[in-house]
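Derivation of every value follows stated rules applied to the coordinates shown; laboratory data play no part. From a predicted model like this one, the values you see are computed outputs, not experimental measurements. Heads up, the Cβs are rebuilt from the backbone with ideal geometry, glycines too, and the neighbour counts pull from every protein chain shown.
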Amino acid sequence: TAPPAPPAAKPPSIEGFRPSLHGFAFVNSFSGSPLPIDVGVKPSNLSSSFGLCGGMSFAAADYFIAHKAPPPDTRPPAQGTQLYTYIYKRQATSIGPMGAMGMKFVEWMKLPTSGPDSTHASTLQELPGIVAALRRQEPVVLGLVLVSAADSREPWNNHQVLTYGVDESVSGRTDIRIYDPNFPKRDDVVIRIT
């Protein structure tokens, strides 16, 4: 008889996190001005609806780490409320000190999609660090480059999500399980890397 197989290694994940339980119940769509203060004049290129995906991702991680359920609100908080102010401050944090993460978005927007110096190659280089953080039970907020500098000079059209698990297959496919503020309460949203 064959010896028993060793137990399978647990996939790296944040123990117990589920978007349906620990993410916000409202969609990432806020109304008003995305500027931090009311300057009385809204630039014509700013929409009256905007997202705070980085703030929502960081705030969801904060609530989870603090062992607190996020508020059950199904509508985004209005400007001036305590929850809105908190999410907005976490959005500012997501841009990084001196705008470092914002600049990283701008740099990655200049990269081609494939090839040795591409967003795909850069993503593969980041993957081991993401997996290592999840093994340490540290949530990871990911920046997703969705627009090219050739098509848009607006880095705010990119996106941020909270990573809470990674499933690696023997076929070379990696599924990154995420809480996506654009899809509230969904446990089935993944980023697939091949």
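Computed on the Cα trace of the stretch 52-103, the radius of gyration divided by the Kirkwood hydrodynamic radius gives Rg/Rh = 1.00.
Close amide-amide hydrogen proximity is noted between ASP187 and SER20, each under 5 Å apart and 5 or more residues distant or on a separate chain (H modeled in the peptide plane; Pro and chain starts excluded).
Relative to the current alpha-carbon distance between ASP167 and VAL189, full extension at 0.36 nm per residue lengthens the span by 6.7 nm. Quick one: net charge around ALA59, please, counting Lys, Arg +1 and Asp, Glu -1 for every other residue with C-beta under 13 Å from its C-beta. After counting each charged neighbour, the total is +1. Using C-alpha pairs under 8 Å with a sequence gap of at least 6, the mean separation divided by the residue count of the stretch 57-133 gives a relative contact order of 15 percent. In this label model, GLN79 and ALA121 are separated by 4.3 nm, measuring between points 7 Å along each Cα→Cβ vector.
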